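These notes are about the structure you will find just below.
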Amino acid sequence: MNDDTFVPRSRSAPPQTAVLGVVVAIPEPWAQLLVDWRSKVGDPQAGVVPPHVTLLPPTEVPAADRPAISAHLTQVARCHPPFDMHLSGTGTFDPVSAVVFVAVARGIGNCELIANDVRSGPLRRPLSFPYHPHVTVAHDVPADMMELAYSGLSDLSAEFRVDHFTEFEQSPDGAWVVAREYPLSGPPR
């Protein structure tokens, strides 16, 4: 998830909206490694945005829609089986966007199918760019730090089983906190 600007909420009234994101969280030991690299290259999001593959980018929703969204995400998770993910090497969106990422080498199709289903119903929304599963490791940092992230993680290889996806909510201070995990329980394909 990229940094979205947020408006502080009144402490006396319940929020009328929430900002949600849905992701495949990267497990340990790779999560801490990626946080460390993001910090090393000076990315201010290193301590706020956990390493992940985005399924739904930050999306503002009416607070009243949360029950329908939870039901929708539960149904999506029931339609998709667990799958293996392999992260390998690095890539960049430069010059379109100043981002260096770790590439998804296996699990791309699974992420595409789940993301498409997540972005339907109460979470239907257009995307600013075509969907491309990846793990951001540097965003809007100086060129030399982009190159350091690109070359420093080029040999990374991480394999793990994905058995759930995670809904995050942005807190009033801008941090992302886990709202709920949804177990993938669909039939094997």
Task: Close pairs from the stretch 14-41: first touching a residue at least 60 places away in the same chain (Cβ under 8 Å), partner among the acidic types (Asp, Glu) and open to solvent by less than 40 Å² (accessible area, probe 1.4 Å), Cβ under 8 Å, at least 6 apart - done: LEU20/GLU167; GLY21/GLU167; VAL22/GLU167
- [ ] May I ask you to verify whether SER157 is out of contact with any helix residue (DSSP H, G or I) (no Cβ under 9 Å at 6 or more places or on another chain), under 24 Å from LYS40 (Cβ atoms) and surrounded by fewer than 16 Cβ atoms within 10 Å (Cβ to Cβ)?
- [x] yes
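Only residues that are among the charged types (D, E, K, R) and open to solvent by 90 Å² or more (accessible area, probe 1.4 Å): list them for the stretch 167-189, please. I'd like the intermediate steps shown before the answer.
Filtering the stretch 167-189 for residues among the charged types (D, E, K, R) gives 167, 169, 173, 180-181, 189.
Within the stretch 167-189, ASP173, ARG180, GLU181, ARG189 qualify.
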Open item on the list: Against the condition of a type in the set (Lys, Arg) and either at pLDDT below 95 or touching a strand residue (DSSP E or B) at 6+ places or on another chain (Cβ under 6 Å) (or both), how does ARG78 come out, does it pass?
Closed with: no
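How do the strands (runs of 3 or more DSSP E) wholly within the stretch 13-128 filter down when requiring 1 or more residues that are surrounded by fewer than 18 Cβ atoms within 10 Å (Cβ to Cβ) and small (Gly, Ala, Ser): which remain? Explain how you work it out, then say what you get.
Numbers: elements: 17-25, 52-62, 83-92, 99-106.
Where strands (runs of 3 or more DSSP E) fall fully within the stretch 13-128 and carry at least 1 residues being surrounded by fewer than 18 Cβ atoms within 10 Å (Cβ to Cβ) and small (Gly, Ala, Ser), they are 17-25, 83-92, 99-106.
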- [ ] Search the stretch 121-176 for residues being out of contact with any Ser or Thr (no Cβ under 9 Å at 6 or more places or on another chain) and of a type in the set (Ser, Thr, Tyr), and hand back the single one that is farthest from ARG38 (Cα to Cα).
- [x] SER128
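The values are calculated or read from the model by the stated rules, or taken from the named source; none is laboratory data. Keep in mind the model is a prediction, meaning the values are calculated, not measured. We place every Cβ from the backbone using ideal geometry, glycine too, and count neighbours over all the protein chains shown. Surface accessibility is based on the protein's heavy atoms, side chains included, excluding ligands, DNA and RNA. Shrake-Rupley method; radii C 1.70, N 1.55, O 1.52, S 1.80 Å.
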